[in-house]
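Chemist: Before we start, here is the structure in question, set down as structure tokens.
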Amino acid sequence: MPSYDYQCAANGRVVEVRHTMSEKLSTWGEVCAQAGLDLDGTPADAKVDRLITGGAVVSSSSLSNPEAPACGAGGMCGLN
């Protein structure tokens, strides 16, 4: 399940939450419920924005594709 970062407009906090790709959280209450956090005085209906974050780096050795060649140090794997 992917993780997403949400920032609360009311308090500025950023919280990482794991949920399905089809789910979209729009309030601080939803984010806190999903992450198991207390509201900490912020209204539950405070709006949140999902932040754009970078993807994870996956090495070829962690994949189950025995035909993929290993990348050499400093090389551009698969690019010539």
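Chemist: Convert each backbone phi in segment 14-25 into a coupling constant with the Karplus relation 6.51 cos²θ - 1.76 cosθ + 1.60 (shift: θ = phi - 60°), then list the ³J(HN,Hα) values in order as whole Hz, x for Gly and Pro.
Modeler: With coefficients 6.51, -1.76 and 1.60, one gets 10, 10, 8, 10, 9, 7, 5, 5, 7, 7, 9, 9 Hz.
Chemist: Can you run phi through the Karplus equation (6.51, -1.76, 1.60; θ = phi - 60°) for segment 41-51 and list ³J(HN,Hα) in whole Hz, with x for Gly and Pro?
Modeler: So the Karplus estimates, Gly and Pro as x, are x, 7, x, 4, 8, 4, 6, 10, 10, 7, 8 Hz.
Chemist: So what's the net charge close to residue 24: Lys and Arg +1, Asp and Glu -1, counting the other residues with Cβ under 13 Å from its Cβ?
Modeler: -1
Chemist: In addition: For residue 1, what charge total do you get from the other residues with a beta carbon under 11 Å from its beta carbon, if Lys and Arg give +1 and Asp and Glu give -1?
Modeler: 0
Chemist: Additional query: Cβ under 14 Å from residue 46's Cβ, residue 46 left aside: what net charge do those residues give with Lys, Arg +1 and Asp, Glu -1?
Modeler: Spelling it out: positives minus negatives among the neighbours equals -3.
None of the figures in this text is laboratory data; all of them are computed from the coordinates on show. A quick note: this is a predicted structure, and the numbers were derived from the prediction, not measured. Glycine gets a Cβ as well: all are built from the backbone with ideal geometry, and neighbour counts include every protein chain shown.
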